[in-house]
1. Given the condition within 16 Å of ligand 1 (Cβ to nearest atom), surrounded by fewer than 19 Cβ atoms within 10 Å (Cβ to Cβ) and among the polar types (S, T, N, Q), answer yes or no: does some residue in the stretch 79-96 qualify?
2. Within the stretch 1-48, track down each residue that is without any contact (Cβ under 8 Å) to a residue 12 or more places away in the chain and hydrophobic (A, V, I, L, M, F, W, C).
3. Got a number for residues in the stretch 206-219 being surrounded by 19 or more Cβ atoms within 10 Å (Cβ to Cβ) and at negative phi?
4. Output the residues belonging to the stretch 29-51 that are within 14 Å of Thr207 (Cβ to Cβ), part of a loop (DSSP other than H, G, I, E, B) and away from ligand 1 (no atom under 12 Å from the Cβ).
5. Among the helices (runs of 4 or more DSSP H) lying completely within the stretch 80-162, list those that include at least 2 residues that are closer than 17 Å to Ile179 by Cβ and touching a Pro at 6+ places or on another chain (Cβ under 8 Å).
6. Can you pull out every residue in the stretch 141-166 that is surrounded by 19 or more Cβ atoms within 10 Å (Cβ to Cβ) and without any contact (Cβ under 8 Å) to a residue 60 or more places away in the chain?
7. Would you check if Arg183 is in contact with a Gly (Cβ under 6 Å, 6 or more places away or on another chain) and either surrounded by 20 or more Cβ atoms within 10 Å (Cβ to Cβ) or under 21 Å from Ile7 (Cα atoms) (or both)?
Amino acid sequence: MATDALIINEINSFYGDSHVLHNVSLTLKEGELLALLGRNGAGKSTTLGTIMGWLKPRGGQISVFGEQIGGLAPELIVEKGVALVPQGRRVFPSLSVRENLMVAQIKRTKADKWNMERVFDTFPRLRERRAQAAASLSGGEQQMLAIGRALMSNPRVLLMDEPSEGLAPQIVAEVGRIIAGLRKEGLSIVLVEQNLDLALSLADHVTILNTGRVAATGTASAIADDHETLDRHLGVF
Ligand SMILES: Nc1ncnc2c1ncn2[C@@H]1O[C@H](COP(=O)(O)OP(=O)(O)OP(=O)(O)O)[C@@H](O)[C@H]1O
Ligand SMILES: [Mg+2]
């Protein structure tokens, strides 16, 4: 049986008094890709922020490869092997490509594979532009940099928040190929996406949130065929 890379069990998250996540549970198996879907405001980014330790959940558990991480400080959660590619990319605009990657580097074990050379091998455009300020990159290049930054921490679990947002179709396809390549290498990935076709083409399993609650979960092929669920919770078809 496949190991569980990430388990969220019945978490509740709040912004002040505002109760946003209600008993959210999900499971990501090792080497698989879980698509986390839902309309605007459904709680997708809040779920990723809670995994990263930015919000402290009230109740519930979060574990990574069997180790509890719920309630730890964000920097400790990164050290445990969880990395986030944030919504809107959030690279440091005035730092160069190289500097953006350098500040993100964490070596966790001797078996770590990711370093700057490997990021540049994966994203040759970033090597060409390594001395340029991140602000001068195109949207697609900034997305590659955001992914490269996350990889520099040598994650075992990669969280990606809407990596295709605002990108031209051929760049979306390229980002899709990169994500498929990372999954093929054995990385365990949670992918938040508004682009349903992209998400379903990459995912093994799908969890759909609606107003902060899990509304549906299943294999990607079962969810792809369940037009009623897709229509009710995502407003498609
Ligand atoms: N910093 C915050 N303070 C208060 N409420 C917030 C904050 N961030 C998000 N929310 C609220 O929490 C709910 C969930 O937001 P969240 O950003 O997790 O949704 P999402 O599914 O990522 O949406 P999107 O697809 O638009 O990115 C929304 O009602 C939102 O208005
Ligand atoms: Mg979001």
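Throughout, read-outs are computed from the coordinates displayed, never taken from laboratory work. Nothing here was measured: the structure is a model prediction, and the numbers come from that model. Neighbour counts are summed over all protein chains in view; Cβ atoms, including those assigned to glycine, are modelled from backbone coordinates with ideal geometry.
1. Within the stretch 79-96 (the criterion being within 16 Å of ligand 1 (Cβ to nearest atom), surrounded by fewer than 19 Cβ atoms within 10 Å (Cβ to Cβ) and among the polar types (S, T, N, Q)), the answer is yes, since at least one residue qualifies.
2. Hit for the stretch 1-48 is Met1, nothing else.
3. Residues in the stretch 206-219 being surrounded by 19 or more Cβ atoms within 10 Å (Cβ to Cβ) and at negative phi: 6 in total.
4. Correct list: Glu32 only.
5. The helices (runs of 4 or more DSSP H) meeting that bar are 139-151.
6. Hits for the stretch 141-166 are Glu141, Gln142, Gln143, Met144, Leu145, Gly148, Met152, Ser164.
7. It is false that Arg183 is in contact with a Gly (Cβ under 6 Å, 6 or more places away or on another chain) and either surrounded by 20 or more Cβ atoms within 10 Å (Cβ to Cβ) or under 21 Å from Ile7 (Cα atoms) (or both).
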